[in-house]
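Okay, so here's the structure we're looking at.
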């Protein structure tokens, strides 16, 4: 997993062999909290005011998407024994986060950039109301926000930060057991505006676990 993420490759070989030797001396897995289910989410950001075509997530459809995300979580019986992972972007990510908070699910955000850059790229484009919702949701997270620059190291040549973050989110979920992962996506089934969108995450999830709840926006509105 660390090799595919390009996580400090010069240290990986030494670190993994050392970890194998000393792991049992400082951690007991049975003493760690383990979630009953791990919800992983990816979905469209809300359309910006200047987006003319293609229209993927019109702001007037927000309540429809929010209800469908909530219904999907309820179908899985989401609750305080579960963990949820997403980035926290305006649109689907924040609707998912708010629905998880309402059900007591422990929410973690993993982001491809340092938080100020993430807010500028993925929250503020939706408008001031989304920035306020981001800050309100952040205050209820179960753990501090984690970012690739802090956790995995800086940007690497020929490595897209969004694809790297997708893999990081997915591997974090799978670390709790592939049978626990439930991937929820709010998606139109098409490629995104660039690398690393929901299409990429969907493909990677299907390659590894296959547990997908696809909210298809083509039929939702």
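Bear in mind that the values in this text are calculations on the coordinates, not laboratory data. On a predicted model such as this, the values are computed, not experimentally measured, just so you know. In this analysis, Cβ positions are derived from the backbone assuming ideal geometry, glycine residues included, and neighbour counts consider all displayed protein chains.
The protection proxy used here, the mean number of other Cβ atoms lying within 10 Å of each residue, ranks peptides 56-66, 159-169 as follows, highest first: 159-169, 56-66. Here the calculated FRET efficiency for residue 117 and residue 151, from their Cβ-Cβ distance with R0 = 22 Å, stands at 0.90, rounded to the nearest 0.05.
Between residue 135 and residue 64, the modelled labels are 3.2 nm apart [label points 7 Å from Cα along Cα→Cβ]. The calculated FRET efficiency for residue 207 paired with residue 179, based on their beta-carbon distance and R0 = 22 Å, is about 0.90.
As a length-normalised measure over Cα pairs under 8 Å and 6 or more apart, the relative contact order of the stretch 33-220 settles at 26 percent. Just to check, using Stokes-Einstein with a Kirkwood Rh over alpha carbon pairs, what's the diffusion coefficient of the stretch 76-221 at 4 °C and 1.567 mPa s in µm²/s? Here the translational diffusion coefficient equals 82 µm²/s. Packing around the peptides 134-146, 102-114, 34-46, 68-80, taken as the average count of other Cβ atoms within 10 Å per residue, puts them in this order, highest first: 34-46, 102-114, 68-80, 134-146.
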